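Derivation of every value follows stated rules applied to the coordinates shown; laboratory data play no part. In this text the structure is predicted, and so the values were computed from the model without any measurement. Cβ placement follows ideal geometry from the backbone for every residue including glycine, while neighbour counts extend to all protein chains displayed.
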Amino acid sequence: MLKSERIKKQSWKPGNVLWPGPVVLVSCGGTQDWKPNLITIAWAGSVCSDPPMLSISVRPERYSHAIIQATHEFVVNIPSPRQAKAVDWCGTVSGRNVDKFADTGLTPAKALKVRCPIITECLLNIECRVQKSLKLGSHTMFVAEVVAVQVSSALLDTKGRLRVEKGGLLAFAHGQYFELGRCLGHFGFSVRKHSPK
């Protein structure tokens, strides 16, 4: 029997099943017209490396959508599994009605290049300026240039190298949160030549 004959498949209706994906807390606002706010985003991704760009997708009815549309700025904050409860809660309530920083106990801090705050407790803070917004049906995709990055010192080794595994990463798949596990290899490990022992 061929291997392909042993693997059974089911046909599902088209849907967003590109899993797992990062789950992030996006901070926005912090201007004279807009109070600081947080929104949980599961649809975020890298777009370009030079210049460094990423995208987030937000429903127009969300409070943060109007903020980002007006200010053209946001910060993608990468949470650890310790912040999973805060991440989930920020995705279930509206910043129109609550102060998400105060209610979660997360600490806002000044960003380097944008007006909206970063989240101190998050592992990485990626400051972004919107270059383009695309209305794509249920969501607007905000395509933004990365203008600054802040990294928690807890993720750095003694030589200053980034060690993401020290903090853990949170992922989202099929409506559930997951903590990513062990590292299986570095980019290019499949073709790297090993020196003889």
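A few points about this structure:
- Structure-based [θ]222 nm, the chain - -39500 (n - 2.57) summed over DSSP H runs of at least 4, per residue, nearest 500: -3000 deg cm²/dmol
- Amide N of the stretch 100-114 lying under 20 Å from the label point, which is placed 7 angstrom from the Cα of residue 70 along Cα→Cβ: 100-102, 111, 114
- Sequence-ordered 3J(HN,Hα) estimates for the stretch 71-76 from the Karplus curve with 6.51, -1.76 and 1.60 and θ = phi - 60° stand at 8, 6, 9, 6, 10, 8 Hz, glycine and proline given as x.
- Cβ-derived FRET efficiency at R0 41 Å, residue 6 paired with residue 166, nearest 0.05: 0.55
- Selected from 115, 96, 82 as most flexible by GNM, with the chain as the system and alpha-carbon contacts under 10 Å: 96
- Between 143, 17, 98, the residue with the greatest mean-square fluctuation in the GNM of the chain (Cα pairs under 10 Å linked by springs) is 17.
- Residue among 58, 164, 149 with the largest mean-square fluctuation in a Gaussian network model of the chain, springs linking Cα atoms under 10 Å: 164
- For the chain, the Rg and Dmax computed from alpha carbons only, in angstrom: 19.0, 68
- Each residue of the stretch 79-84 was assigned a 3J(HN,Hα) from its phi angle through the Karplus expression (A = 6.51, B = -1.76, C = 1.60, θ = phi - 60°), giving x, 9, x, 5, 9, 4 Hz with x at Gly and Pro.
- In order along the stretch 108-125, the Karplus-derived 3J(HN,Hα) couplings, from 6.51 cos²θ - 1.76 cosθ + 1.60 at θ = phi - 60°, round to x, 9, 5, 7, 7, 10, 10, 7, 6, x, 8, 9, 4, 6, 6, 5, 9, 10 Hz, and Gly and Pro are given as x.
- Label-point separation, residue 47 to residue 94 (7 Å along Cα→Cβ), nm: 2.7
- Amide hydrogen proximity for residue 77: with H placed 1.01 Å from N in the peptide plane, the residues at 5 or more positions away or on another chain lying under 5 Å are 25, 26, 27, 126.
- FRET efficiency, 1/(1 + (r/R0)^6) with R0 35 Å, evaluated for residue 112 and residue 85 via beta carbons: 0.80
- Prolate/oblate/rounded call for the stretch 31-102, Cα gyration tensor, a/c under 1.5 rounded: oblate
- Cut-off under 5 Å, modelled amide H: who pairs with residue 169 long-range: 180
- Taking a ≥ b ≥ c as the square roots of the eigenvalues of the Cα gyration tensor, an a/c ratio of 1.5 or more together with a/b larger than b/c marks the stretch 80-197 as prolate.
- Residues whose amide H comes within less than 5 Å of that of residue 91, counting only those at least five positions distant or on another chain, are 40 (H built at 1.01 Å from N in the peptide plane).
- Sorted largest first, the spans of the alpha carbon positions of the stretch 121-177 along the three principal axes are 46, 31, 17 Å.
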